[in-house]
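**Q** My questions all concern the structure below.
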Amino acid sequence: MSATIDPAHNHGASANAEGSFTRALRRIDDWCERFGDAVNPILVKETRQALKSRQFVVTFSLLLLAALGWTILGSLSMMPQIYTTPSAPTMMIGYYVVLAIPMLLVVPLAAYRSLEGEIDDGTLELLTITTLSPWQIVLGKLAGASLQMLLYFVTLFPCLAFAYSLRGVDLPTTLLIVAALGVFGLFLTILGLFFAPISRGRTNRVISLLALVILLLLGEYLLGALVISMLLNGNPLSAEELMYAVVASVSMAICFGHLLLTATAAQLTPETENRSTPLRLSLLACTTVLVVLITLALFVLTPDAGIAVFFVASFIVAGLWSFSGSLLVAERSTITPRIRRQLPNSFLARMFLTWLTPGPTTGLVFAITVVGLLTVMHQLAIGWMLDSGYATGFIAGNLRNAFEQAGVLYPAYLICFLVVVRLLMFFVRLRNNPRVEVGLAATVVVALMAALVPYSMQLHYNDYQPIQFDPTWQTTNWAYAILTATGRGVPDEFVWKITAAAMGASALAVIFAWPTTRPRRIATPERVAEELAKS
């Protein structure tokens, strides 16, 4: 019995498929339109200013001249071997240098100067009273800088294609170099935007500019050394390691770039708005990405490479939360009515979401909670690596010495210092209204005094003779304790004592922060609700 084909059924299926495809295209088009509306005013302004500026004209002209000069000089210097010997690495190094200077140095500095100029000239205040949000302003600046980088790359693309045709560099390596240059250029541009609104006053802005230039030159040197080494010596990574390196680099660039953009937008946001919650959410996102990358490294890479990633990422996480926690505990305690209208209202929301709301008390509990969870996961990961045989021999011994005790002591000391800084900032804000950066300075001072005072006292008591670590004297000396723990180790009783002190400080912080979970939300006035509905 032969099967019959229903033409109407086939026509209906094709119509449904075509309708689904059309709806998908419409959704993409709507998203692109919304994104264009969000950044278009600033993008158009930045593009017009950039294309008419002397900086762009000079940079673009020098780029063309340098590319032409290197094409002629490089080709002639390798004659006649260029016809028989692979010459792509040498030519591509020259083109990379020509392209890296504007993308990694000129464009980030131009983005920094553009946003700083808006602040100096007072035009930023005119932008803030319009319907443009700080995020739209920052994204518009970034989009304008990205367009400049795209023009530079398109201009030099024929030269890269010419170098590739000379043989000696495979296509994946070429694409990897171009992608690394683009991703790193965008990240450095975001870094330039982040530095622009930090400083107030001419002297501080000169210092921030010098710091930015140093960071840009350091980043260009590190990426250049990596690219040149890859072109001359080939790619030393295996397929799994290369894939992990690409995923990790792009993920970290995205999450930390978003964090810097959020911090930049927060600096441009008035104090009456909620600037803290987006930063805390971005911090959580960055921390989650780092934890996922560490876990992925332990299961994908070889034990040596996985432990190396674990080691480096642990330092990054420790530095991130030491810096962020110091700023969180120094926030203003005053919450404006505009912020109070957005506070969580239900019981469960107040229990779990209060710690994302602005304020030094909630910031302290938020930092303590995240640091505590990270410490538990850190110790579980070390225990798994030692018990499962993932780390063996010399690596296992170093892992136990370097991380087992030090991985508990550092977060315990950090929690204690954050509690002390929160108390100091409480008294400072009774008569002053300092910026949150004062919290970072206070943390540094507290940490230095906690290390130097007991060390000096024991040294003086010992008649300035060489001393050994004494838990009785050096209880607060975090530097000496961690250094000793990574070497020969410290008594377990000492580790438990510091941990108990951190747990006690955490309990006090939670107890004093408990009133913040009470209902504090206020109703939105009808006039404000109508204005929000119109916007």
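The values are calculated or read from the model by the stated rules, or taken from the named source; none is laboratory data. These figures come from a predicted structure and were not determined experimentally. Every residue, glycine as well, gets a Cβ built from its backbone with ideal geometry; the counts of neighbours run over all protein chains shown. Just so you know, the surface numbers come from the protein's heavy atoms only, side chains and all, with ligands and any DNA or RNA stripped out. Shrake-Rupley method; radii C 1.70, N 1.55, O 1.52, S 1.80 Å.
**Q** Return the pair list, or none, for Cβ contacts closer than 9 Å from residues in the stretch 416-438 that are farther than 25 Å from M503 by Cα to residues that are charged (D, E, K, R), at least 6 apart or on different chains.
**A** R429/R332; N433/R332; R435/R200; V436/E331; V436/R332
**Q** Filter the stretch 53-77 down to residues that are open to solvent by less than 30 Å² (accessible area, probe 1.4 Å) and touching a Ser or Thr at 6+ places or on another chain (Cβ under 9 Å) and give me whichever is nearest to G144 (Cα to Cα).
**A** The extreme case among them is L63.
**Q** Among the residues of the stretch 243-263, are any over 23 Å from L193 (Cβ atoms), in a helix (DSSP H, G or I) and more than 17 Å from the chain's Cα centre (by Cα)?
**A** Taking every residue of the stretch 243-263 in turn, at least one turns out to be over 23 Å from L193 (Cβ atoms), in a helix (DSSP H, G or I) and more than 17 Å from the chain's Cα centre (by Cα).
**Q** Can I ask one more? Just to be sure I understand the filter: pairs with C-beta atoms under 8 Å, separated by 6 or more residues or on different chains, first member in the stretch 217-230 and farther than 15 Å from V98 by Cα, second member open to solvent by 30 Å² or more (accessible area, probe 1.4 Å). Which pairs pass?
**A** Close Cβ pairs satisfying both conditions: G219/F184; L226/A180; M230/L176.
**Q** So which residues in the stretch 81-95 are open to solvent by 20 Å² or more (accessible area, probe 1.4 Å) and either touching a strand residue (DSSP E or B) at 6+ places or on another chain (Cβ under 6 Å) or closer than 13 Å to W70 by Cα (or both)?
**A** If the condition is that a residue be open to solvent by 20 Å² or more (accessible area, probe 1.4 Å) and either touching a strand residue (DSSP E or B) at 6+ places or on another chain (Cβ under 6 Å) or closer than 13 Å to W70 by Cα (or both), then T90, I93 are the ones that fit.
**Q** Go through the stretch 159-182 and give me each residue that's open to solvent by 60 Å² or more (accessible area, probe 1.4 Å), of a type in the set (A, V, I, L, M, F, W, C) and touching a residue at least 40 places away in the same chain (Cβ under 8 Å).
**A** Answer for the stretch 159-182, where residues must be open to solvent by 60 Å² or more (accessible area, probe 1.4 Å), of a type in the set (A, V, I, L, M, F, W, C) and touching a residue at least 40 places away in the same chain (Cβ under 8 Å): just F162.
**Q** Within the stretch 313-323, identify whether any single residue is farther than 30 Å from A248 by Cβ, hydrophobic (A, V, I, L, M, F, W, C) and assigned to a helix (DSSP H, G or I), and answer yes or no.
**A** Checked the stretch 313-323: no residue is farther than 30 Å from A248 by Cβ, hydrophobic (A, V, I, L, M, F, W, C) and assigned to a helix (DSSP H, G or I).
**Q** Within the stretch 317-334, can you find the residues that are surrounded by fewer than 16 Cβ atoms within 10 Å (Cβ to Cβ) and among the hydrophobic types (A, V, I, L, M, F, W, C)?
**A** Within the stretch 317-334, F323 is the sole residue that qualifies.
**Q** Of all residues in the stretch 264-273 being out of contact with any helix residue (DSSP H, G or I) (no Cβ under 7 Å at 6 or more places or on another chain) and in a loop (DSSP other than H, G, I, E, B), which is nearest to L186 (Cα to Cα)?
**A** Restricting attention to the stretch 264-273, the residues satisfying the condition of being out of contact with any helix residue (DSSP H, G or I) (no Cβ under 7 Å at 6 or more places or on another chain) are 267, 270-271.
Cutting the leftovers down to in a loop (DSSP other than H, G, I, E, B) gives us 270-271.
Values: P270: 26, E271: 28 Å.
Out of the qualifying residues, it is P270.
**Q** Can you report the number of residues in the stretch 40-97 which are among the aliphatic types (A, V, I, L, M), in a loop (DSSP other than H, G, I, E, B) and touching a residue at least 12 places away in the same chain (Cβ under 8 Å)?
**A** 1
**Q** I need a count of the residues in the stretch 188-214 that are assigned to a helix (DSSP H, G or I) and buried (at least 20 other Cβ atoms within 10 Å of the Cβ).
**A** Final tally of qualifying residues: 9.
**Q** Only one residue in T354, T362, T369 is out of contact with any Phe, Trp or Tyr (no Cβ under 8 Å at 6 or more places or on another chain) and of a type in the set (V, I, T), so which one is that?
**A** T354
**Q** Residue under question is E240, and the condition is that it be in a helix (DSSP H, G or I), open to solvent by 70 Å² or more (accessible area, probe 1.4 Å) and either touching a Cys at 6+ places or on another chain (Cβ under 9 Å) or charged (D, E, K, R) (or both); does it hold?
**A** yes
**Q** I'd like to verify a number: residues in the stretch 121-136 that are at pLDDT 65 or above, open to solvent by less than 70 Å² (accessible area, probe 1.4 Å) and either in a helix (DSSP H, G or I) or of a type in the set (F, W, Y) (or both), how many?
**A** Matching residues across the stretch 121-136 total 4.
**Q** Oh, and also: Identify, please: which residue in the stretch 504-516 is open to solvent by 40 Å² or more (accessible area, probe 1.4 Å) and either over 30 Å from M351 (Cα atoms) or touching a residue at least 60 places away in the same chain (Cβ under 8 Å) (or both) and is, among those, nearest to the chain's Cα centre (by Cα)?
**A** This residue is V510.
**Q** Sticking with this structure for a sec: Looking at the stretch 370-392, which of the residues that are aliphatic (A, V, I, L, M) and open to solvent by less than 70 Å² (accessible area, probe 1.4 Å) is modelled with the lowest pLDDT? It would help to see each step written out before you state the result.
**A** Going residue by residue through the stretch 370-392, those that are aliphatic (A, V, I, L, M) are 370-371, 373-374, 376-377, 380-382, 385-386, 391.
After this cut, where a residue has to be open to solvent by less than 70 Å² (accessible area, probe 1.4 Å) as well, the list is 370-371, 374, 381-382, 385-386, 391.
Working: V370: 95, V371: 95, L374: 94, A381: 89, I382: 87, M385: 86, L386: 81, A391: 75.
So the residue we want is A391.
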